[in-house]
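Data first, discussion second: the structure below is written as structure tokens.
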């Protein structure tokens, strides 16, 4: 019974942190695309999947870089989230540009401090 009482507050804190994180992502987005803006258009989904495969298959990148948000809308890809270094920021962006085209990538990646 003690386990239930200890688990409930931890679960509530986790849910609160998730809600705050989601709210912060939405608040910081402004007019910029968020993951919720990803369309179900087959071309955009395929584009997103190709870029994700390229990023995840690069084992020189950190887990943080592997988890960046990749949002494709009407062929334009927006990269959002954090990476560990300027090198990772450039590598992820270049992978996206190689697949989507240099003029079709908006790089909003931030380097963690």
Quiz item: Of these, 27, 65, 54, 96, which one is at negative phi and at pLDDT below 95?
Solution: 27
Exercise. Give segment 85-113 a look and list any residue that's out of contact with any strand residue (DSSP E or B) (no Cβ under 7 Å at 6 or more places or on another chain) and more than 16 Å from residue 57 (Cβ to Cβ), or say none.
Key: 87, 90, 101, 102, 103, 113
Exercise. Run down 45, 79 and say which single residue is in contact with a strand residue (DSSP E or B) (Cβ under 8 Å, 6 or more places away or on another chain), modelled with pLDDT of 95 or more and surrounded by 12 or more Cβ atoms within 10 Å (Cβ to Cβ).
Key: 79
Quiz item: Considering segment 89-98 alone, what residues qualify as being within 15 Å of residue 44 (Cα to Cα) and crowded, with 18+ Cβ neighbours inside 10 Å?
Solution: 96
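The values are calculated or read from the model by the stated rules, or taken from the named source; none is laboratory data. Keep in mind that this is a model prediction, so the values were computed, not measured. Positions of Cβ are backbone-derived with ideal geometry, glycine not excepted, and every protein chain shown enters the neighbour counts.
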